[in-house]
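Just below is one structure, and these are the notes that go with it.
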Amino acid sequence: MSLDRLQEWIIRFALEIEEHKDHLTRLDSAIGDADHGINMDRGMKAVLAKIEAEPPASVEALFKAAGMTLVSSVGGASGPLYGTFFLRFGMAGGETESLSADHLAKAFRSGLDGVVARGKAEAGDKTMFDALAPALEALEAGLDQGVGLAEALKAAAIAAAAGRDATIPMLARKGRASYLVERSVGHQDPGATSAALLIQVAAATLT
Amino acid sequence: MSLDRLQEWIIRFALEIEEHKDHLTRLDSAIGDADHGINMDRGMKAVLAKIEAEPPASVEALFKAAGMTLVSSVGGASGPLYGTFFLRFGMAGGETESLSADHLAKAFRSGLDGVVARGKAEAGDKTMFDALAPALEALEAGLDQGVGLAEALKAAAIAAAAGRDATIPMLARKGRASYLVERSVGHQDPGATSAALLIQVAAATLT
Amino acid sequence: MKKLINKPDDVVAEALLGIEAAHPDLKVDHPNRVIYRADSPVAGKVGLISGGGSGHEPLHGGFVGMGMLDAACAGQVFTSPTPDQMLAATKLVDGGKGVLHIVKNYTGDVLNFEMGAELAAAESGVEVATVVTNDDVAVKDSLYTAGRRGVGVTVLVEKIAGAAAEEGRALSEVAAIARKVNESGRSMGMALTSGTVPAAGEPTFQLGEDEIEIGIGIHGEPGRRREKLTSAAEIGEKLVEPIIDDLPFRSGDEVLAFVNGMGGTPLIELYVMYNEVARILAGHGIGIARSLVGSYITSLDMAGCSVTLLKLDEELLKLWDAPVKTPALRWGI
Amino acid sequence: MKKLINKPDDVVAEALLGIEAAHPDLKVDHPNRVIYRADSPVAGKVGLISGGGSGHEPLHGGFVGMGMLDAACAGQVFTSPTPDQMLAATKLVDGGKGVLHIVKNYTGDVLNFEMGAELAAAESGVEVATVVTNDDVAVKDSLYTAGRRGVGVTVLVEKIAGAAAEEGRALSEVAAIARKVNESGRSMGMALTSGTVPAAGEPTFQLGEDEIEIGIGIHGEPGRRREKLTSAAEIGEKLVEPIIDDLPFRSGDEVLAFVNGMGGTPLIELYVMYNEVARILAGHGIGIARSLVGSYITSLDMAGCSVTLLKLDEELLKLWDAPVKTPALRWGI
Ligand SMILES: Nc1ncnc2c1ncn2[C@@H]1O[C@H](COP(=O)(O)OP(=O)(O)O)[C@@H](O)[C@H]1O
Ligand SMILES: Nc1ncnc2c1ncn2[C@@H]1O[C@H](COP(=O)(O)OP(=O)(O)O)[C@@H](O)[C@H]1O
Ligand SMILES: [Mg+2]
Ligand SMILES: [Mg+2]
Ligand SMILES: [Mg+2]
Ligand SMILES: [Mg+2]
């Protein structure tokens, strides 16, 4: 996977976020504070500006730039969480100009570990973890089975979407939605929704 | 004029005020602070309670009780003004149990002087003065001409009503309405309206 | 109407109970509705009393304490207190050097305080001086009318005259200082929304979703004009320019700039307004030596603000900076 | 939306300009949106920083000054500040004895402060301790969730820990005092109306003309339940009883009683509420040793109130009474 393609992933994620901004915010208004779309859009726009101003020369530079920019521009829970995801992804990716499929999966694993280290989310807590974790499992399983990156990412995208949908009946135990206790049930988690977009774009771009 | 009749005047004024409470307040809401009816009703109810609890034994006692009670229970501009009117009226009436027609007119003159001394209103300022002053003139003129108290008071009531109506086109120069300058024009003055009631009740009672 | 109250008629009495419970330095004469310094009368000090309709909190009760008022008379909501209250307050705070009555210029307040002073003279022989504040430039000034309303400058008069009294100055001197503050200060206010008088249950006036009232009074009296809602920058100009023109304030003047909230407007907006006021004053070459930002003279839950500018000299500055210990203004102690 | 603002996106930046202009004792690092003591860093004193989304004024910027915070980081409205802001603030106020971060318990705030602390450790080696406030009894407490929100007690933590720092105590001691305050305090809030986020332009939530929300959060998060509007007396019970039950507070306890306005509620109503709180506490045999009544931790223009009770002992009382000089809380100096 070339640096160019990886950068394309980030850029197209930003565009998807922009397109789904209102939807994400609406989801957040039901069980949070009505800003997830605004937060992510502000952050990803800043990321675009950053990598346009200083085109990154390595995988590590690209994802560190994305991570740092999210951390310093979002402010909500999603800033440190997505920021950490990309920072760890970049560090695991390393000072290289391309990533093998396995290396990509390792970087993903490292990013997700970062999210968990920061947010302490577990499966079923109704967070972005519930989309990211099944996606990573599907990716790793596909690569293990030798289906190739494109197929494995497709499976990951399907798993992320299923994970996102599975947040609907969950009772939130992390983030603002947890204040609602029972009343959080029946609503789709906004962070899981944006996370599913990230994987969906990966499947469409990293081929 | 017996003390009983004079007391009847006060009592019936209180009842008229209660009946016109909302109307007076509505007039005040157009060019003041929407409380003239509330103020006068609170005050006159207190007066009723006062003279019921301690039946006054003289003209002075009756009108001083009314005046003091208005002063200590109203709080708006109308409290000190009506209060002073009755206090001065009572002092001029004196420690007696009845008033001649001339004595009544003198007491009225003394009350009105008190209103002017306190409020510095002049004719045409759009205040209670514009109903009280023509009423007093009509009363004095009638008595001068020897028409008798009942007729003179009838003339006074007509003059008060005319004076009240004449406040409509006036530009207010005293009280809250003066803040409105030109916008006070076209509205009937609430204080002139309650004052016209006082004279109207006098004409109906003091016969 | 949505308010944190019990019966509308009990609001004032219960707020007085709350004030008394919350502030051990204050006492309340409940029958007379007088809030007073617990250490009243302060011997050898001119007593300062003020008062007015309730609904303008912290004015006046929140300004009772060392270095400011000795007592405040609370009327019904938006209704002047009555003379017997002023009499009671005057007697409570007289420490032998006379008592200053600080009165906002509304006919009801002026007449009731006047009778209160007469009663005090007749009953107790306390020497009373009266200062009437009338700083609201929204109202045309005239000898032949009720004149201008007393608004924001009242807070500054109470603070500065209070400091002068604390220094032991004579009644005539304290009154002179109070008059000087009133003459050196001007105000103008605006409303975004109307307040709601508890007993009325409905907003006093109606403003459209895109309308504001420029020149509003603190009882919801109509202002100079109704206008379209506009930016803080333009609202700042509509308030500050007429104030500057009126005194007039001149380049080189040093002022106290007071941005006041009307009760329903949060602090963050007042700071945005203060920024505009500072910008406009700088443009006129007027320096800000002191500032006050907050809701100090309110109109129930009205949203909006007022601006008061006070021209300072060394004397006023020194008295402003003197220690004060009241629920709403406190420093130096 | 009717507000005294210019462009919604500029509210925070312009309010910071206003704060800076109004308070000479404070400075503002505008690029980083950090309000800090003009005399920072104070050598030999633990630095205290806090911060959070804007819209809660005077929290936190209004509590910067001698005896309280050294710096406050202002986020966008209702959005946590970012780690680089906390880094900048930490470096600004480090006087050599380490820096305490006071963080309200919201995931966004906690994570952003955490990263800020990591950056500070990595970049500058400043020793940082963190105390998270979580006093809101409206939220069920649990180890497995985000836990309780930090609300009114934050003001008290900032004051009391600030006084401890001013005494020259070590970072660990100041942090311990801050934790003690948090553990000894509980809060609960309610809303009469929703606030309006400037960028959203519409009320965050809708309440009917006769509805209130009990257990509201300071960002308009839904509370325990929606109920019919009722009297101040009953609202007092709905707020105070769960607080008393939770700690629990007991007969004979001495507390600081803090009745807080949400931004759009005027002082007269807060005093009516205070009277009810005092009545209820007296019924439980709980004594009020200190009180605070006013709008100190707000939610934009939301109308409503919160009650915070803090159990006092001699140590906390002494630190509460210690001098403080900030725009919003000041005494003893
Ligand atoms: N502890 C956590 N671990 C993982 N994800 C979390 C956690 N807390 C919140 N989130 C995610 O963050 C999302 C909310 O993000 P956002 O609305 O941008 O931040 P905020 O809640 O601060 O306003 C939630 O939908 C959830 O997916
Ligand atoms: N200076 C004055 N002299 C005579 N009457 C006055 C004066 N000022 C006001 N009034 C009368 O008082 C009336 C208003 O009374 P009210 O509404 O009870 O008091 P307030 O204006 O204090 O609310 C006015 O309509 C006017 O007739
Ligand atoms: Mg959110
Ligand atoms: Mg948020
Ligand atoms: Mg009136
Ligand atoms: Mg009135």
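The mean count of C-beta atoms from other chains within 10 Å of the C-beta of residues in B:78-85, rounded to a whole number, is 4. Between segment C:11-81 and segment B:143-207, the alpha-carbon centres lie 38 Å apart. Remark on the protein assembly as shown: Rg and Dmax equal 33.4, 125 Å (Cα only). Amide H contacts under 5 Å for B:ASP125: none, restricted to partners 5 or more places along the chain or on a different chain, H placed in the peptide plane at 1.01 Å from N. The overall shape of segment B:100-190, judged from the alpha-carbon gyration tensor, is oblate: a/c is not under 1.5, and a/b is no greater than b/c. Packing, taken as the mean count of other beta carbons within 10 Å per residue, orders the peptides D:318-324, B:170-176, C:42-48, D:187-193 from highest to lowest as D:187-193, B:170-176, C:42-48, D:318-324. Here the Karplus curve 6.51 cos²θ - 1.76 cosθ + 1.60, taken at θ = phi - 60°, turns the phi angles of segment D:304-311 into couplings of x, 8, 9, 10, 10, 10, 10, 6 Hz, with x standing for Gly and Pro. Helix A:101-119 axis versus longest C-alpha principal axis of chain A: approximately 30°, rounded to the nearest ten.
Remark on C:VAL139: its backbone amide H falls under 5 Å from those of C:ARG149, a criterion applied only to residues 5 or more positions apart or on other chains, H modelled at 1.01 Å from N.
Each other copy holds its own label point for C:TRP331; taking that point as 7 Å from Cα along Cα to Cβ, the gaps run 1.8 nm, nearest first.
Note: relative contact order over segment D:56-135, using C-alpha pairs below 8 Å and six or more positions apart, is 29 percent. Rounded to the nearest Hz, the phi-derived 3J(HN,Hα) couplings of segment C:57-64 under the Karplus curve 6.51 cos²θ - 1.76 cosθ + 1.60 (θ = phi - 60°) are 3, x, 4, 9, x, x, 10, 8, where x marks glycine and proline. Using C-alpha pairs under 8 Å with a sequence gap of at least 6, the mean separation divided by the residue count of chain A gives a relative contact order of 22 percent.
Applying the criteria of a DSSP loop state and at most 15 other Cβ atoms within 10 Å to the GluC sites (Glu not before Pro) of segment D:207-236 yields D:GLU209.
Between C:ALA199 and C:GLU315, the modelled labels are 4.1 nm apart [label points 7 Å from Cα along Cα→Cβ].
Among complete DSSP H helices in chain D, those whose alpha-carbon atoms stretch at least 18 Å along the helix's long axis and whose mean Kyte-Doolittle hydropathy reaches 0.5 are D:153-166, D:267-283.
Between the C-alpha center of segment B:13-66 and that of segment D:160-214 there is a gap of 49 Å.
For chain C, averaging the sequence separation of C-alpha pairs within contact (under 8 Å, six or more residues apart) and dividing by the residue count gives a relative contact order of 18 percent. Across segment D:45-51, rounded Karplus estimates of 3J(HN,Hα) from the backbone phi angles (6.51 cos²θ - 1.76 cosθ + 1.60, θ = phi - 60°) give 10, 4, x, 10, 10, 9, x Hz, Gly and Pro being marked x.
Inter-chain neighbour count for C:274-283: the average number of beta-carbon atoms from partner chains within 10 Å of each residue's beta-carbon is 4.
If R0 is taken as 51 Å, the Cβ-Cβ distance between C:TYR144 and D:THR130 corresponds to a FRET efficiency of 0.15.
Among D:271-279, A:183-191, the peptide with the highest mean count of other Cβ atoms within 10 Å heads the list, and the full ranking is D:271-279, A:183-191. Across the identical copies, the label point of C:GLY95 (7 Å from Cα in the Cβ direction) is separated from its matches by 3.6 nm, in order from shortest.
In terms of its alpha-carbon gyration tensor, segment A:50-207 comes out oblate; a/c meets the 1.5 threshold, while b/c is at least as large as a/b. Going by the alpha-carbon gyration tensor, a ≥ b ≥ c the square roots of its eigenvalues, is chain D rounded (a/c under 1.5) or, if a/c is not under 1.5, prolate (a/b greater than b/c) versus oblate? Verdict is oblate for chain D. Summary of the geometry: segment D:238-309 and segment C:303-323, compared by the centres of their Cα atoms, lie 32 Å apart. Sorted shortest first, the distances from the C:GLU227 label point to those of the same residue in the other copies are 4.4 nm; each point sits 7 Å from Cα along Cα-to-Cβ.
Residue by residue along B:119-130, Cβ atoms of other protein chains within 10 Å of the local Cβ number 1 on average. When peptides C:173-179, C:67-73 are ranked by their average number of other Cβ atoms within 10 Å per residue, the highest-first order is C:67-73, C:173-179. Between the residues B:ALA138, B:GLY67, B:LEU206, the greatest Cα displacement towards the positive end of the dipole of chain B, with unit charges on the Cβ of Lys, Arg, Asp and Glu, is found for B:GLY67.
A short reminder: the numbers here are calculations on the coordinates, not readings from a lab. What you see is a predicted model; the values in this text were computed from it and never measured. For neighbour counting, all protein chains shown are included, and Cβ atoms are generated from backbone atoms with ideal geometry for every residue, glycine included.
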